[in-house]
Amino acid sequence: MKSVFRALAAVGLLLSFSVAAANQLAEGTVKRIDAPSQRVMLAHGPLPSIGMGSMTMMFKVRDAAMLKPLKVGDKVRFQVEDIGGNFTITRIEARR
Ligand SMILES: [Cu+2]
C-alpha cells in the first residue's frame with residue numbers, strides 16, 4: 001500500500017513540474033500592435049515550450065482585450081501556446 005502512495009506522490013510531483021514548465025513566462029518587447037487583427041509583434045527571447053529561438057514575429061492573442069494595456073516599447077512577459085496550429089498568446093503582462 002505504501003508503494004502505491006509513493007507512486008502517486010511521484011506522479012503528482014512530475015505533473016506539478018510539467019505544469020510549472022508550461023506556465024513559465026517568456027520575455028519580449030512590443031514592436032507593433034495590430035488591434036483589428038488581434039495581433040501583436042514581439043521581439044522575443046527563446047520559447048522552449050514551443051521549440052522556438054529568439055526572433056521578432058507576430059502573435060495572435062487569445063482575447064483582443066489583452067492588447068489594451070500594451071504600448072509599443074513595453075517590455076513584457078508572456079505565455080504562448082500552440083492552439084490549433086496557431087501560436088497564440090494566452091497571457092501577457094507589461095513589466096513596469
Ligand atoms: Cu518566434
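Each value in this text was obtained by applying a stated rule to the coordinates, not by laboratory testing. Keep in mind the model is a prediction, meaning the values are calculated, not measured. So basically every Cβ, Gly included, is an ideal-geometry build from the backbone, and we count neighbours across all protein chains shown.
Listed values for the range 81-87 are Karplus-derived 3J(HN,Hα) couplings in whole Hz (6.51 cos²θ - 1.76 cosθ + 1.60, θ = phi - 60°), namely 10, 7, 10, x, x, 10, 6, and x replaces Gly and Pro. Given their separation in residues at 0.36 nm each and the Cα-Cα distance between them, Ile83 and Asp34 gain 15.7 nm when the chain is fully extended.
Summing +1 for each Lys or Arg and -1 for each Asp or Glu among the other residues whose beta-carbon sits under 14 angstrom from that of Pro48 gives -3. Expressed in units of 2.2 N^0.38 Å, where N is the residue count, the Cα radius of gyration of the range 25-94 is 0.96. Under the simplified labelling scheme, the Arg95-Ile50 pair shows an inter-label distance of 2.0 nm, with each label point 7 Å from Cα along Cα→Cβ. The GluC sites (Glu not before Pro) of the range 22-96 include none that meets both conditions, a loop assignment by DSSP and at most 10 other Cβ atoms within 10 Å of the site Cβ. The local environment of Asp63, defined by Cβ-Cβ distances under 14 Å, has a net charge of +3 under the rule Lys, Arg +1 and Asp, Glu -1.
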